[in-house]
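A.B. asks: Got a structure here, written out as structure tokens. Questions coming.
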Amino acid sequence: MKKVAMLLTFVMLFLCGCGGKASGTTPVTDDVVTLRIANSEEYIDEGGWDASETITLSDGQKIRGVDSLVNDFEKWYQEKYGKKVRVLYSTYGTNEDLYNQMTLGNSFDLVCPSEYMIMKLIRENKLEPLSKDFYNKESAYNYYAKGVSPYIFKRMKGLKEGGKPLTDYAAGYMWGTLGTVYNPSKVDKKDASSFRIYLNKKYYKRLTIKDSVRDTYFAGLAIAKEKELAKNGADISKILNDTSQKTVDQVEDVITDMRENAYSMETDSAKQDLVTRKADASLQWSGDGVFSINQAEKDGLRLCYAVPEEGSNLWFDGWVMLSDGVKDDKDKKQAAEAFINYISRPESAIRNMYYIGYTSAITGGDDPMVEEYVNYVYGSEEKNAMDYDLSYLFGKKCVIKADPDQLDRQLFAQYPTEDILKRCAVMKCFSNQANRRVSKMWTNVRCYRFPWEKRR
Amino acid sequence: MKKKRVLPVVWLIIVYTFLYLPIAVLAFYSFTDASMIGQAGHFSVKNFRTLFTTPELLNMIFGTIVLALVVGVLSTVLGTFGAIGAFYSKKRNRNLIEAMNQVPVVNADVVTGFSVCILLVVVLGINKDTYIPLVAGQMALCTPFVYLQVIPALSQMDHRIYEAALDLYCTPGQAVFKVVLRQLAPAIGSGFFTAVTLSMDDYFVTTYTKPAVFDTISTYTVNATKGAQTEIKTALWALSALIFFIAVAVVIAANVRSRRVENP
């Protein structure tokens, strides 16, 4: 309603003939901090859960998203910091949309892009580093410092841009892998556990791949480089970030064949195609994988998730502050960091995971709540329950007793094991030249290359 | 005689099936609890309930309507007076204005939207939060259509009435408001509705010029279809069905009314 009210105000001003002077921005009084947050669509708990959806953990704690996390944060901030904050929350479709919005006149204070976009923004000097106190575990409200998974933190710290680790700027939000969702009654697990499946004629026109250059390039790269990846002691990260002209040409050939073998190149329809049985296997992000598996289950179809063994993609999205928004504004920066901390509370992390299906970077530290949530969702007391070791991720002993069936399914998609992640690499931000090469390749694949054209 | 009519009828049926089947499928599924098209589901009005109880959706719908009305009124005023002014200008000027009016009509929306964004936001530095780029951009889209509706009515009008009004001691202003505008009322009305429809329909201009926190039905829908959450997505089916029903109702009502006018 606020927005509409503003629109009406604008009309009044315009009709009075002083539209040009109307600054129209939200009335900012001294004691209210306005925080402009942009996040991917449907990437935070928006509340409105039915009472039946309440999560009851083994220690009797109940978690239910009644109001949205953003509204809850506004209340919490006033309670704890004694200051009013007003969040202007907006959403975008892709990282690139966000970047375009930022260049075309929208300004934000806190955004949540993927790792490569964070690197690009660091490179362009657009980010404000997190304050020193942010990682101080002594501070009562520093839920992020206390709760972030040590493993994810380490992987993020290993990513550097201009000599600075990503963790100087970004707080991890969600993370996951790139893998294959498949229908086990039609596809062998062994086939699904390799990117080779996308060239396998056995599944001709029964596969979907992503209509997005970075994801499909990654799959093509892993196929083109499979021999190098299989070598002992191969530097997986280096191989899976190769964008030399020679490699790009090889990948172009591979992707042309993948396209030929695929039922569709999609960004969103694969979940539906799997459930309606138009496709048997599909290249998916782990979180979408969990979602597809859950949806299919409701429809009586069993789907599984596999991470290709030759090496796959590890990605994460993180919160970063934009310097043209929060620079020189202490109150704003404090509110922005408080927001990160608020949504990093174990309870918020659980609400988000339940609502959106992705895996939070928060494992709770000393607080056992997240572990209990994993147990609540996946734990089993059956005799055949198997130990599923997540100690590496939680940074403390954490073994879930899970139904063996889950080891190929939601649990595995949401929480892969350490040996899988060891074979996963983060795909960094391309350099401008590499970007040009890869984009050209993509245009060739999408528009010019016909299957009957000769390979190079 | 009768046999001859079969083929055209069959052809018409094919054409209309092609046009309406997708909408019918969507409308059908909006009354089920299925989360995907093609999935089996049971009858349910859950989608309509979500549509009318989610504040985010209601805000977005209300915002779209307010924006459309605002843009509609402003474009109608601008387009009408533009048309009157151009009509009574010298032939050369009128031709020039006419040609320039064609440009936004022929131009792709995405070009208009992007140009407005570059000019107002990037070059002139107007803040998108003021809604000025949004309203100005949509007006750039809608005004030419109002102009195009008013011009024919002007050329059909009897200009002696205007002169008669002046002879009866009207000021030129009074003559325009009391005489000319009244003659043009039907054309202005249809121009207004065209503008409102165009504004509600527009995606590209809006997406380039809107403030980040404001969404119209079209920009919201494009983003919502990218997310995984199905509750909102299926509620948008209900919204599409509703818009379709309203459009059908309006068309039927208009037809019935015009028929009554024709044969009283």
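Since every read-out is calculated from the coordinates, none of them should be taken as a lab result. Model, not experiment: these values are computed from the prediction. Cβ sites come from the backbone with ideal geometry, for glycine too, and all protein chains shown count toward neighbours.
A.B. asks: Peptide A:41-47: average number of partner chain Cβ atoms within 10 Å per residue?
C.D. replies: Numbers: counts 10, 10, 3, 0, 0, 5, 0.
The mean count of partner-chain Cβ atoms within 10 Å per residue comes to 4.
A.B. asks: Follow-up. Once Lys and Arg get +1 and Asp and Glu get -1 on their Cβ, which of A:ALA296, A:SER212, A:PRO184 lies farthest toward the positive end of the dipole of the range A:182-304?
C.D. replies: A:PRO184
A.B. asks: Provide a whole-number value for the mean count of partner chain Cβ atoms within 10 Å of the Cβ atoms in peptide B:210-217.
C.D. replies: Numbers: counts 3, 9, 15, 13, 5, 3, 0, 0.
Mean number of neighbouring Cβ atoms from other chains: 6.
A.B. asks: Calculate the length of the line joining the C-alpha centroid of the range A:232-280 to that of the range B:194-264, in whole Å.
C.D. replies: Computed from Cα coordinates, the inter-centre distance equals 37 Å.
A.B. asks: Counting pairs of alpha carbon atoms under 8 Å apart in space and at least six apart in sequence, what relative contact order in percent does the range A:234-342 give? Show your work: numbers first, answer last.
C.D. replies: Working: 33 pairs, mean separation 14.9, N = 109.
Averaging sequence separation for qualifying contacts and normalising by length gives 14 percent for the range A:234-342.
A.B. asks: With a 10 Å Cβ neighbour count serving as the proxy for reagent exposure, in which order, fewest first, do A:LEU314, B:LEU26, B:LEU236 appear?
C.D. replies: Details: A:LEU314 25, B:LEU26 16, B:LEU236 20.
Taking fewest neighbouring Cβ atoms as first place, the list is B:LEU26, B:LEU236, A:LEU314.
A.B. asks: What's the magnitude of the charge dipole for the range B:1-158 around its Cα centre, counting Lys and Arg as +1 and Asp and Glu as -1 at the beta-carbon? Answer in Debye, nearest 20. All intermediate terms of the calculation are to be shown ahead of the outcome.
C.D. replies: Numbers: 11 positive and 6 negative charges, 167 e Å.
Here the size comes out at about 800 debye.
A.B. asks: Using only Cα atoms and rounding to the nearest 10 degrees, what angle (0 to 90) does helix B:91-106 make with the longest principal axis of chain B?
C.D. replies: With rounding to tens, the tilt is 10 degrees.
A.B. asks: Quick one: what are the phi-derived ³J(HN,Hα) couplings along the range B:9-21, Karplus 6.51/-1.76/1.60 with θ = phi - 60°, whole Hz, x for glycine and proline?
C.D. replies: After applying 6.51 cos²θ - 1.76 cosθ + 1.60, I find 5, 4, 4, 4, 4, 4, 4, 5, 4, 4, 6, 9, 4 Hz.
A.B. asks: Taking amide H atoms as placed 1.01 Å from N in the peptide plane, list the residues 5 or more away in sequence, or in a different chain, whose amide H sits under 5 Å from that of A:ASN39.
C.D. replies: Under 5 Å from the amide H of A:ASN39: A:SER90, A:THR91, A:TYR92.
A.B. asks: Would you mind pulling out the separation of the Cα centroids of the range A:178-213 and the range B:34-100, in Å?
C.D. replies: Centre-to-centre distance over Cα atoms comes out at 44 Å.
A.B. asks: Per residue of the range A:388-397, in order, report the coupling 6.51 cos²θ - 1.76 cosθ + 1.60 (Karplus, θ = phi - 60°) as ³J(HN,Hα) in whole Hz, putting x for Gly and Pro.
C.D. replies: Result, ordered by residue: 10, 8, 10, 4, 4, 7, 7, x, 7, 4 Hz.
A.B. asks: Quick one: compute a quarter of the convex hull surface over the Cα atoms of the range B:144-264 and quote it in nm².
C.D. replies: Working: hull surface 46.4 nm².
Convex hull of Cα atoms, orientation-averaged projection: 11.6 nm².
A.B. asks: Just from its helices, what would the mean residue ellipticity at 222 nm be for the protein assembly as shown, if runs of 4 or more DSSP H residues each count -39500 (n - 2.57) and the sum is divided by every residue, rounded to the nearest 500 deg cm²/dmol? It would help to have the intermediate numbers written out before the result.
C.D. replies: Values: 32 runs with 376 residues, N = 720.
Result for the protein assembly as shown, helices only: -16000 deg cm²/dmol.
A.B. asks: Rounded to whole Å, give me the distance from the Cα center of the range B:135-186 to that of the range A:414-447.
C.D. replies: Computed from Cα coordinates, the inter-centre distance equals 60 Å.
A.B. asks: Going by alpha carbons, how many degrees (0 to 90, nearest 10) lie between the helix axis of B:132-156 and the longest principal axis of chain B?
C.D. replies: The two axes meet at around 60 degrees.
A.B. asks: Can you tell me the alpha carbon radius of gyration of the protein assembly as shown divided by the globular rule-of-thumb value 2.2 N^0.38 Å?
C.D. replies: Values: Rg = 29.2 Å, N = 720, 2.2 N^0.38 = 26.8 Å.
Here the Cα radius of gyration is 1.09 times the empirical estimate.
A.B. asks: Can you give me the long-range amide H partners of A:ASN313? Hydrogens built in the peptide plane at 1.01 Å from N, cutoff under 5 Å, separation of 5 or more residues or another chain.
C.D. replies: Counting only residues 5 or more places away or on other chains, the set is A:LEU178, A:ALA425.
A.B. asks: Got a sec to turn the phi values of the range A:362-367 into Karplus ³J(HN,Hα) couplings, 6.51 cos²θ - 1.76 cosθ + 1.60 with θ = phi - 60°, whole Hz, x for Gly and Pro?
C.D. replies: After applying 6.51 cos²θ - 1.76 cosθ + 1.60, I find 8, 10, x, x, 6, 6 Hz.
A.B. asks: What order do you get for A:TRP49, B:TRP237, B:TRP11 when you list them from fewest to most C-beta neighbours inside 10 Å?
C.D. replies: Numbers: A:TRP49 17, B:TRP237 22, B:TRP11 10.
Ordered by Cβ neighbours within 10 Å, fewest first: B:TRP11, A:TRP49, B:TRP237.
A.B. asks: Averaged over peptide B:114-125, how many Cβ atoms belonging to another chain are found within 10 Å of each residue's Cβ?
C.D. replies: Numbers: counts 1, 0, 0, 2, 2, 0, 1, 3, 3, 0, 0, 1.
Taking the mean over all residues of the peptide, I get 1.
A.B. asks: Here's another thing I want to ask about it. Pull out a ≥ b ≥ c, the square roots of the eigenvalues of the alpha-carbon gyration tensor of chain B, then state rounded if a/c is under 1.5, prolate if not and a/b is larger than b/c, and oblate in the remaining case. Write out the running numbers ahead of the final one.
C.D. replies: Working: a/c = 2.22, a/b = 1.39, b/c = 1.60.
Oblate shape, in that a/c is at least 1.5 and b/c is the bigger or equal ratio.
A.B. asks: Which log10 I(q)/I(0) values, to two decimals, does the range A:370-429 give at q = 0.16, 0.22, 0.26, 0.29 Å⁻¹ under the Debye formula with one point per Cα?
C.D. replies: Scattering profile of the range A:370-429, log10 relative to I(0): -0.51, -0.88, -1.14, -1.32.
A.B. asks: For chain A, take the longest principal axis of its alpha carbons; what is the angle in degrees between that and the long axis of helix A:245-261, to the nearest 10 within 0 to 90?
C.D. replies: The helix A:245-261 is inclined about 80 degrees to chain A.
A.B. asks: Using the 10 angstrom Cβ neighbour count as an exposure proxy, how do A:MET258, A:MET265 rank, fewest first? Could you put the intermediate results ahead of the total?
C.D. replies: Values: A:MET258 23, A:MET265 19.
Starting with the residue having the fewest Cβ neighbours, the order is A:MET265, A:MET258.
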